[in-house]
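Take a look at the structure set out below.
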There are 2 protein chains.
Amino acid sequence: MKYAVGVDLGGTNIVTILMNEKGKIMARDKRATEGWKGKDHVIGRIAQGIASVLNCKMQNAKCKMSPLALNGQAGGISLPAQQKLRQRTTHDARRTTAVVGIGIGTPGLVNLEKGIVYEAPNIPGWNNVPLASIYKREFGIRTFLENDANSAALGEWWIGAGKGTRYMICLTLGTGIGGGIIIDGRVYHGADGYAGELGHISLSFDGPKCGCGNLGCLEAYAPAIGIIRRTKEALRKNKKSLVYKLIGGDPGRVTPAVVAQAARKGDGLARKIWDDTGYYLGSAIANYVNIFNPEIVVLTGGLTGAGNLLFKPMWKTVRARAFKGPVKKLMIVAGKLPDDAGAVGAAKTAFQRAGK
Amino acid sequence: MKYAVGVDLGGTNIVTILMNEKGKIMARDKRATEGWKGKDHVIGRIAQGIASVLNCKMQNAKCKMSPLALNGQAGGISLPAQQKLRQRTTHDARRTTAVVGIGIGTPGLVNLEKGIVYEAPNIPGWNNVPLASIYKREFGIRTFLENDANSAALGEWWIGAGKGTRYMICLTLGTGIGGGIIIDGRVYHGADGYAGELGHISLSFDGPKCGCGNLGCLEAYAPAIGIIRRTKEALRKNKKSLVYKLIGGDPGRVTPAVVAQAARKGDGLARKIWDDTGYYLGSAIANYVNIFNPEIVVLTGGLTGAGNLLFKPMWKTVRARAFKGPVKKLMIVAGKLPDDAGAVGAAKTAFQRAGK
């Protein structure tokens with residue numbers, strides 16, 4: 001049996017998972033990113049997570065693996081956790097080969113081939129960090145980077161909602177909107193690795209300005225920031241809404257969850273916000289359907305918790321706007337790995353790119 | 001050397017080409033579709049075109065092939081041209097194997113696997129026509145269907161503007177807008193064969209109604225019909241435009257060519273029409289760039305004749321709207337096979353699907 005480590009580097013947490021090649025999660029580690037402490041600290045946190053799952057026998061009785069050796073090249077960052085691991089495991093060097101790779105799903109601009117992250121949001125001083133070579137050197141295991149949204153898509157394809165499908169689109173509905181395209185079980189990267197920015201399809205060429213510089217992007221309407229913005233705007237004209245009561249009159253407390261709560265109790269303003277969100281999302285999905293003819297669209301991220309508040313108007317819009325043919329067999333479903341998709345997909349990336 | 005026949009079934013003409021596997025055009029036939037004469041007539045016209053290029057030695061000195069045999073199963077439609085061909089060629093039956101397939105690029109709704117065209121615009125009575133089996137039976141050669149825009153894209157990829165690229169998008173700017181996506185030299189079909197409807201990406205969710213039922217599609221703005229509609233609207237308020245003079249005051253005579261002619265002479269109204277057309281097209285391409293990160297976008301069809309009137313505002317919009325990364329190496333170019341892309345691509349389809 002072969003193994004791979006997958007790391008999901010998030011703004012808040014780092015999730016690290018050890019997977020076997022059959023798609024079984026063997027060990028899992030979750031720790032705070034603590035990005036405010038700077039680049040070197042985060043690099044160390046990632047290493048701790050990796051060390052933790054490699055050392056899984058001691059921490060997780062479910063894991064059948066022996067401790068894994070680090071090869072002689074190990075060096076670079078010194079970490080207490082890693083030091084301990086090394087002492088315990090060098091006796092069993094042959095097991096190194098069982099872990100074919102480490103995959104890291106990271107936000108920001110990534111050079112897939114060189115394994116460098118050019119920038120990472122929320123981490124001060126993160127410039128041109130050669131993550132892949134750092135962990136290759138540290139653990140003696142080949143390391144591969146992937147964009148975080150692509151990782152999440154690949155994770156959902158491998159053992160989640162997209163399992164067994166050939167043409168899959170994944171949208172991560174969080175603060176912003178990330179996307180990933182999976183064709184025949186592989187992330188579609190396009191010519192230079194930039195493909196899959198599905199949140200940055202413009203739905204209205206003269207719409208609101210998006211953070212990316214374009215106008216009217218899906219990301220400018222539909223994710224958490226869009227819901228919060230539109231709710232605040234609506235509340236200015238309507239103080240009778242249940243939302244206003246739930247937030248105690250403080251617009252700073254508007255969240256998608258509060259708006260969903262009010263909508264479920266029949267609040268008109270809140271329902272309209274979700275109807276519009278579904279409409280925007282459905283308009284974008286209709287475009288994807290006409291272009292890609294996907295078998296499945298997987299929606300992940302916090303907003304999917306709104307359930308039918310989001311899915312009903314979204315389906316209505318997709319049916320009204322897309323061609324009939326490609327909608328006939330289309331599935332649009334919520335993801336099945338809310339916490340682990342990114343790390344699972346990063347492990348799959350490692351399996352695929354290590355050629356195992 | 002292996003050969004394949006490619007047929008481009010257009011509303012006006014049928015272009016039929018015999019290609020060798022290296023991408024050389026060995027013979028070419030062009031004849032009017034005469035769609036108004038109905039289904040059976042068009043089926044016969046296609047057969048005549050195929051017979052003509054198969055019989056190339058007698059008609060085209062450049063072609064090195066001997067006349068090709070029709071196998072004993074031939075039957076079905078009886079055609080004088082085909083009868084003659086059969087008489088001349090049955091003596092040389094072994095050559096049949098040199099032609100590995102016939103590919104037909106057709107408009108309308110196509111079932112790729114079954115080789116059936118469900119509907120074809122402009123041809124009365126065209127319902128569920130099993131084109132592939134008709135020519136398989138007629139010529140004893142395996143026959144494959146492809147959507148016409150996909151064929152054109154594949155043709156430009158094989159021996160035209162997209163030669164040697166891995167990630168290509170092709171937009172056919174004609175009366176409407178067709179599209180094709182080529183990944184690693186193969187048409188991307190999606191889950192059910194409907195992918196690549198690139199003219200039906202909505203640029204404005206509350207824009208003008210498109211023929212497909214959606215609102216604000218690229219096809220509702222940018223192709224010939226959009227240019228004509230927008231020019232007529234503008235002329236109502238501005239009779240001083242050179243366009244008005246060129247059409248002798250008759251709005252029925254507005255064509256993209258006339259608008260281009262006036263724009264080249266500096267006419268403000270005409271320039272605005274082309275600026276807007278480039279803006280709409282650029283907005284759509286920016287979306288494709290963010291989603292696909294293509295290496296090249298190939299523009300084909302009559303409108304590309306406008307040259308920089310179209311390309312300049314289009315590039316400006318793409319640069320303003322798309323992410324910087326995927327635009328850096330992006331090429332956007334006019335097609336190189338204005339008349340033959342569809343037939344060439346249909347032949348390539350036959351090579352690919354016959355597995356040769």
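The values are calculated or read from the model by the stated rules, or taken from the named source; none is laboratory data. Values in this document were obtained by computation on a predicted structure and should not be read as measured data. Cβ sites come from the backbone with ideal geometry, for glycine too, and all protein chains shown count toward neighbours. For the accessible areas, the whole protein counts, side chains as well, though only heavy atoms, and no ligand, DNA or RNA atoms are used. Shrake-Rupley method; radii C 1.70, N 1.55, O 1.52, S 1.80 Å.
Odds and ends about this structure:
- Taken over region A:264-300, the criterion of being on the phi > 0 side of the Ramachandran plot and buried (at least 22 other Cβ atoms within 10 Å of the Cβ) is satisfied by A:ASN293 alone.
- Residue tally, condition under 23 Å from A:PHE351 (Cβ atoms), in a loop (DSSP other than H, G, I, E, B) and hydrophobic (A, V, I, L, M, F, W, C), over region A:103-137: 1
- Failed item in (1) under 27 Å from A:GLY160 (Cα atoms); (2) modelled with pLDDT under 90; (3) open to solvent by 40 Å² or more (accessible area, probe 1.4 Å), with A:ASN13 passing the rest: (2)
Conditions (1) touching a helix residue (DSSP H, G or I) at 6+ places or on another chain (Cβ under 9 Å); (2) more than 12 Å from every other protein chain (Cβ to nearest Cβ), marked per residue:
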| site | (1), (2) |
| --- | --- |
| A:GLY185 | yes, yes |
| A:TYR188 | yes, no |
| A:ALA195 | yes, no |
| A:ILE201 | yes, no |
| A:LYS209 | yes, no |
| A:GLY226 | yes, yes |
| A:GLU233 | no, yes |
| A:LEU242 | yes, yes |
| A:GLY248 | no, yes |
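- Residues of region A:203-214 that are closer than 16 Å to B:LYS324 by Cβ and either in contact with a strand residue (DSSP E or B) (Cβ under 9 Å, 6 or more places away or on another chain) or charged (D, E, K, R) (or both): A:CYS210, A:GLY211, A:ASN214.
- Of all residues in region A:253-273, none satisfies being out of contact with any helix residue (DSSP H, G or I) (no Cβ under 7 Å at 6 or more places or on another chain), of a type in the set (Asp, Glu) and touching a residue at least 24 places away in the same chain (Cβ under 8 Å).
- Per-region count, region B:310-339, residues within 22 Å of B:LEU173 (Cα to Cα) and touching an Asp or Glu at 6+ places or on another chain (Cβ under 8 Å): 6
- For region A:282-335, the tally of residues that are in contact with a Leu (Cβ under 9 Å, 6 or more places away or on another chain), over 23 Å from A:GLN261 (Cβ atoms) and of a type in the set (Phe, Trp, Tyr) stands at 1.
- Residues of region B:177-187 classified as surrounded by 23 or more Cβ atoms within 10 Å (Cβ to Cβ) and closer than 18 Å to B:THR349 by Cα, total: 6
- Within region B:325-356, tally of residues that are farther than 30 Å from B:ILE228 by Cβ, at pLDDT 95 or above and among the charged types (D, E, K, R): 4
- The residue that is modelled with the lowest pLDDT, among those in region A:211-224 that are within 16 Å of A:TYR279 (Cα to Cα) and either open to solvent by 10 Å² or more (accessible area, probe 1.4 Å) or within 14 Å of another protein chain (Cβ to nearest Cβ) (or both), is A:ALA222.
- Number of the exception - B:GLY174 against (1) buried (at least 23 other Cβ atoms within 10 Å of the Cβ); (2) more than 7 Å from every other protein chain (Cβ to nearest Cβ); (3) in contact (Cβ under 8 Å) with a residue 60 or more places away in the chain: (1)
- Of all residues in region A:301-356 being within 14 Å of A:TRP274 (Cα to Cα) and within 14 Å of chain B (Cβ to nearest Cβ), the one that is surrounded by the fewest Cβ atoms within 10 Å (Cβ to Cβ): A:LYS316
- Unmet criterion (only one of (1) farther than 22 Å from A:ARG230 by Cβ; (2) not in a helix (DSSP H, G or I)) for A:GLY266: (1)
- Among residues of region B:230-247 that are closer than 15 Å to B:LYS265 by Cβ, those with a Cβ under 8 angstrom from a residue that is hydroxyl-bearing (Ser, Thr, Tyr), sequence gap 6+ or separate chain, pair up as B:VAL243/B:THR231.
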